[in-house]
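Structure first, then comments.
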Amino acid sequence: MKKFFGACLLTAALLTGYASYAQQPAANTLREGKHDLTLQWISWDRPGKVMIKKQKDGTYTVKGEQRDAKSGDFVTIDGTLTADSPKELTFNGIIRTQYSNVNGGKVCEKNGTYHFVSKGARKYWRLQEMDNCEGNNVVDYVDIYFK
């Protein structure tokens with residue numbers, strides 16, 4: 001009887017573990033749909049939106065913006081994302097930022113391949129190549145949120 005009970009427990013543990021493992025999303029997938037987008041110069045409290053859509057080749061398109069209606073400051077993003085892991089994304093495309101008190105109020109354009117990473121318990125991916133075109137240790141925190 002003890003062997004039967006032990007075999008039942010082992011079977012239940014294996015099946016339960018397998019079921020929870022099988023339900024987990026693949027490590028390199030993103031949730032399609034609207035996500036928040038922020039640039040710290042504008043606001044973390046009034047995020048913009050980006051739309052993420054999966055393509056047939058497994059990459060994702062990403063396009064959106066955050067704008068401050070009063071000042072005209074903005075961040076825009078347009079390109080493709082590849083999910084390298086749940087915490088690392090590779091972006092290829094254009095990111096534009098403009099803030100009136102940075103870079104003489106001129107647009108800072110980044111065109112090429114960049115990386116977004118989520119560290120620790122953060123609920124967003126942050127652009128890692130964050131130097132603003134102004135230089136002089138000025139950085140732009142461009143964040144795409146999980147939700």
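The values are calculated or read from the model by the stated rules, or taken from the named source; none is laboratory data. Because the structure is predicted, anything quoted here is derived from the model rather than measured. Quick reminder, even Gly has a Cβ in these numbers, built from the backbone with ideal geometry, and neighbours come from all protein chains shown. Accessible surface areas use protein heavy atoms only, side chains included; no ligands, DNA or RNA. Shrake-Rupley method; radii C 1.70, N 1.55, O 1.52, S 1.80 Å.
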Query raised in the report: Within the bounds of region 74-92, is there any residue that is assigned to a strand (DSSP E or B), farther than 19 Å from LEU30 by Cβ and open to solvent by 80 Å² or more (accessible area, probe 1.4 Å)?
Result: no
Query raised in the report: Quick check, is ARG126 touching an Asp or Glu at 6+ places or on another chain (Cβ under 9 Å) and open to solvent by 70 Å² or more (accessible area, probe 1.4 Å)?
Result: no
Report summary line: Flagged in region 114-132 as touching a residue at least 12 places away in the same chain (Cβ under 8 Å) and either hydroxyl-bearing (Ser, Thr, Tyr) or under 19 Å from ASN92 (Cβ atoms) (or both), in numbering order, are TYR114, HIS115, PHE116, VAL117, SER118, TYR124, TRP125, ARG126, LEU127, GLN128, GLU129, MET130
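Right, PHE116: of a type in the set (A, V, I, L, M, F, W, C) and open to solvent by less than 20 Å² (accessible area, probe 1.4 Å) or not?
On the way: of a type in the set (A, V, I, L, M, F, W, C): yes; open to solvent by less than 20 Å² (accessible area, probe 1.4 Å): yes.
Yes: the conditions hold for PHE116.
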Query raised in the report: Does region 103-126 contain at least one residue that is polar (S, T, N, Q) and at positive phi?
Result: yes
Query raised in the report: Which of the residues belonging to region 91-119 are closer than 27 Å to SER71 by Cα and among the small types (Gly, Ala, Ser)?
Result: GLY93, SER100, GLY104, GLY105
Requested in this report: Hey, can you tell me all the residues within region 51-73 that are over 19 Å from ARG96 (Cβ atoms) and either in contact (Cβ under 8 Å) with a residue 60 or more places away in the chain or surrounded by 19 or more Cβ atoms within 10 Å (Cβ to Cβ) (or both)?
Outcome: TYR60
Query raised in the report: For ASP57, which of the numbered conditions (1) in a loop (DSSP other than H, G, I, E, B); (2) under 18 Å from LYS123 (Cβ atoms) fails to hold?
Result: (2)
Report summary line: Scanning region 94-147 residue by residue, the ones that are in a strand (DSSP E or B) and polar (S, T, N, Q) total 4
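Report yes if some residue within region 27-48 is under 30 Å from ASP78 (Cα atoms) and at pLDDT below 55; otherwise report no. Walk me through it before giving the result.
Quick first cut of region 27-48, residues under 30 Å from ASP78 (Cα atoms) only: 27-48.
Retained after the next criterion (residues that are at pLDDT below 55): 27-28.
Yes, region 27-48 has at least one match.
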